[in-house]
Every structure is written in structure tokens, then in C-alpha cells.
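Visitor: For reference, the structure I am asking about is given below.
No lab work stands behind these numbers, since they all come straight from the coordinates. As the structure is a computational prediction, the values presented were derived from the model and not from experiment. Cβ coordinates were reconstructed from backbone atoms using ideal geometry, including for glycine residues, and neighbour counts include every protein chain displayed.
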């Protein structure tokens, strides 16, 4: 991704009893989100948590999804009208409450 783009990171915390269905997320949820956000979505990545600094540790996040947009405004204009539908599908793949961060790509 290019410097100056807006990155929206959605992180799903791990913890006792937290679950995450990566197959559903990758094969059903993300295509739906991509279709809803349309051309404003310039790219995305998916990450699966493996651990932390200590060998064998539990990762702080089960998974992370990152979406890239040209600007915060483009994100807001595409996400806002579709937020209810996007958020309503969360229980189909996780019981973790996502943590969301919006960032500017610096390099």
C-alpha cells in the first residue's frame, strides 16, 4: 500500500472462550464486505494470530483484517451506509468484540 492511504485494522482479541472461524471470515464475510464497500476498497489483508513474544504464548489477537482506502472520507462514505449489515454478520464467525483502529500509512 502507498504512503498516505488510510488503513482500517479490525482486530479480534483472544481470550477464554473466544472463537474465530477463519474459513467463514475469508470465504463468506470478506467477499460480502468487499462487495458492499465497492471500488473505495483498494486492498485488504488477513492475518491469523500465532503467538506473542514468549514462545508458546497465546496471541493477543485471534485474527486481524486490514482494509486500505485512499482517504478516511472514502472509508466513511462506503462503510457508513453498510455498517449495520457488515456488523450484523460478526456472530457468524466470532464471539470476540473487535477492536478497530484507523491509521495513516506512513511508508
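Visitor: Among 53, 33, 72, which one shows the highest mean-square fluctuation when the chain is modelled as a Gaussian network with alpha-carbon springs under 10 Å?
Guide: Looking only at 53, 33, 72, the largest GNM fluctuation is found for 53.
Visitor: Let me ask you something else. Considering every pair of different Cα atoms, what Kirkwood radius, in Å, is found for segment 50-107?
Guide: Result for segment 50-107 stands at 14.1 Å.
Visitor: While we're here: Under Stokes-Einstein, with the Kirkwood radius over Cα pairs standing in for Rh, what whole-number D in µm²/s applies to segment 1-60 at 4 °C and 1.567 mPa s?
Guide: The diffusion coefficient I find is 93 µm²/s.
Visitor: Further question: Please report the projected area of the chain's Cα convex hull averaged over all directions, in nm².
Guide: 7.1
Visitor: Which residue fluctuates most in the GNM of the chain (Cα springs below 10 Å): 17, 80, 65?
Guide: So, out of 17, 80, 65, the one fluctuating most is 17.
Visitor: Simple spin-label model, 7 Å along Cα-to-Cβ: residue 72 to residue 95 in nm?
Guide: 3.6
Visitor: Simple spin-label model, 7 Å along Cα-to-Cβ: residue 85 to residue 42 in nm?
Guide: Between residue 85 and residue 42, the label points sit 2.4 nm apart.
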